[in-house]
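This report concerns only the one structure given below.
The values are calculated or read from the model by the stated rules, or taken from the named source; none is laboratory data. Worth saying up front: this structure is predicted, and the values here are computed from it rather than measured. Neighbour counts run over all protein chains shown; Cβ positions are idealised from the backbone, glycine included. Quick note on the areas: whole protein, heavy atoms, side chains included, nothing else; ligands and nucleic acids left out. Shrake-Rupley method; radii C 1.70, N 1.55, O 1.52, S 1.80 Å.
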Amino acid sequence: MTPPSTAAPRLALPLSFVVAMLAMLAPFTIDTYLPSFPSIASEFGASDLQLQQTLSLYLLAFAVSTLIYGPLSDGFGRRGVVLLALLVYVASSVGAALVVDIDQLIVMRILQGLSASAGLVVGRAMVRDLYHGHEAHRVMAMVMMLFAIAPAVAPLVGGLLQSWLGWRSVFLFLALLGALVTLLFYLGIRETLPRDKRHSIHPLKVGRLYLNAFVSPRFMGLTIAFSLMFGGFFLYVAGAPVVIFEHLGLKSNDFWLLFIPLVSGMAVGSMLSRRMAGRIAPEWMLAAGFLIMVVAGLLNVAQSLWLETTPLTVIAPLTLYTFGVALVIPILTVMGLDCFPKNRGMASAMQGFLQMSYGALVAGALVPLFAHALTSLAMAMLLQCVVATLIWLAVESFTEAPVEEDVS
């Protein structure tokens, strides 16, 4: 299914760049079509609930499929699993451009979710296959810095395509992007998991590993903290059409006013996290990141209560929040993977499943519940951030040895 691990790639591409490209498919698939919501609703007579389902069911499919790709990549190698998923992604993106009703679009979005998850899950495991310690932190931060570009560029590209060619061109663009990533991965990345380190994918053994992860206080605490603090930011990503169109009174070409500042904060935070890896203890970096997020959440609630609603007042606290998020993400990710050093594909899959399941909950339940008012959105963000911080503090006080189980 995969070439030997010693096989050289045909192109000398940095792993961090290609893994970032793989990870970028997920936010591009989420954000690029958001400016097209009004046009899709108009053409198909779709309700707000049906439009939200194109996002929430995508996220749910993404989450569930991560549980499959992790063990598959541990059993058969990373490369073949990713290539197969990428081909499905390209086909489903073309299909989304050709649908004739909203139900067909929902189905294609589910297929996109089932396939886009492979790159994110397996890519993180590939980084951890090759890098260790502070170097893994640096590479993961570099991936996050490149990955952060996607949410800024995606709605801008989507808005332009929507204005020039209509919403179907957005999905054709995603198909072309998927084809480009497939080509780069095929030509530029070798297999990172040697055959002698691959494991059985017998359902009972895989199930036991997932159970071990689920009952691990440290792993679950790190993963839930990640999910909650990212959920605070994702409220505004999934609710971007409401924030842009209703609260700020902007148009489809104005999504960049929200996304570019948010992603700039994340890019700067990722850059700083990378530079500080090995110079500052991870615990201090985490403390700084969580503190910044809590302060940003408090400022966000304050502006929603007492300041006039403008792009500056709404977006400035969110930019500070994403800066804090970017300081924390690489460290929490690596710490979670290191809880299961012999089964990092499984650990990455469990991380992805819980994170994206919570993302689906945010998009499908929390956004409709809180998006009617900026104050309720701000309070929901702050609450998630505070709970994430408390969980992290509890995890820091709990020592747990890495699980060395091998299911080969």
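Which peptide among 380-387, 282-289 comes first, and what is the full order, when sorted by highest mean count of other Cβ atoms within 10 Å?
Details: 380-387: 21.6, 282-289: 17.5.
Averaged packing, sorted descending, gives the order 380-387, 282-289.
Accessible area of PHE353, 1.4 Å probe, to the nearest 10 Å²?
50
Expressed as a rounded percentage, what relative contact order does the chain have, with Cα pairs under 8 Å and six or more residues apart? Don't jump to the answer; show the numbers that get you there.
Working: 692 pairs, mean separation 112.8, N = 408.
That works out to 28 percent.
On the protein heavy atoms, probe 1.4 angstrom, tell me the percent of accessible surface of the stretch 30-128 carried by carbon and sulfur.
On the way: 2130 of 2980 Å².
In the stretch 30-128, the share of accessible area belonging to carbon and sulfur is 71 percent.
Based only on Cα atoms, what mean projected area does the convex hull of the chain have, in nm²? The partial results should precede the final answer.
Working: hull surface 72.6 nm².
Hull-based average projected area comes out at 18.1 nm².
Mind putting together the pair-distance distribution for the stretch 240-398? All Cα pairs, 10 Å bins, whole percent per bin, short to long.
Spelled out bin by bin, the stretch 240-398 gives 10, 33, 37, 16, 4, 0 percent.
Give me the distance between the Cα centres of the stretch 344-389 and the stretch 13-75, rounded to whole Å.
If we compute the Cα centre of each part, the gap is 16 Å.
Could you calculate the contour length gain from SER169 to ASP196, that is, 0.36 nm times the residue separation minus the distance between their Cα atoms, to one decimal place in nm?
Details: separation 27, 0.36 × 27 = 9.72 nm, distance 4.48 nm.
Between SER169 and ASP196, full extension yields an extra 5.2 nm.
Please find the FRET efficiency linking SER47 to LEU176, where r is the Cβ-Cβ separation and R0 is fixed at 25 Å, and quote it to the nearest 0.05. Before the final figure, lay out the partial values.
On the way: r = 30 Å, r/R0 = 1.21.
Efficiency, from the Cβ-Cβ distance: 0.25.
Measuring with a 1.4 Å probe in the full set of protein chains, what accessible area per residue, in whole Å², belongs to the stretch 265-408? Write out the running numbers ahead of the final one.
On the way: 5850 Å² over 144 residues.
Counting only protein heavy atoms, the per-residue value for the stretch 265-408 is 41 Å².
Could you give the nm distance between label points at VAL88 and LEU390, where each point is 7 Å from its Cα heading toward the beta carbon?
3.9
Using a 7 Å offset from the Cα along the Cα-to-Cβ direction at both LEU307 and LEU291, what is the distance between the two label points in nm, to one decimal?
With each label point 7 Å from Cα toward Cβ, the separation is 2.2 nm.
Using helices alone, what [θ] at 222 nm do you get for the chain, with -39,500 (n - 2.57) per DSSP H run of 4 or more residues, divided over all residues and rounded to the nearest 500? The partial results should precede the final answer.
Numbers: 16 runs with 308 residues, N = 408.
Rounded to the nearest 500, the figure is -26000 deg cm²/dmol.
Can you tell me the relative contact order of the stretch 47-116? Whole percent, Cα pairs under 8 Å, sequence separation 6 or more.
Values: 61 pairs, mean separation 37.0, N = 70.
Result for the stretch 47-116 is 53 percent.
Got a sec? What order do LYS197, LYS251, LYS205 fall in by accessible area at 1.4 Å, biggest, i.e. largest, first?
On the way: LYS197 120, LYS251 150, LYS205 70 Å².
Putting LYS197, LYS251, LYS205 in descending order of accessible area: LYS251, LYS197, LYS205.
Which percent of the accessible heavy-atom area of the stretch 268-408 goes to carbon and sulfur, probe 1.4 angstrom? Could you put the intermediate results ahead of the total?
Details: 4200 of 5810 Å².
C and S fraction of accessible area: 72 percent.
Rounded to the nearest 0.05, what FRET efficiency do LYS251 and VAL107 have when you use their Cβ-Cβ distance and R0 = 22 Å?
Working: r = 30 Å, r/R0 = 1.35.
Plugging the Cβ-Cβ distance into 1/(1 + (r/R0)^6) gives 0.15.
For the pair LEU298 and LEU211, how long in nm is the line joining their label points, each one 7 Å along Cα→Cβ?
Once both label points are built, they end up 4.5 nm from each other.
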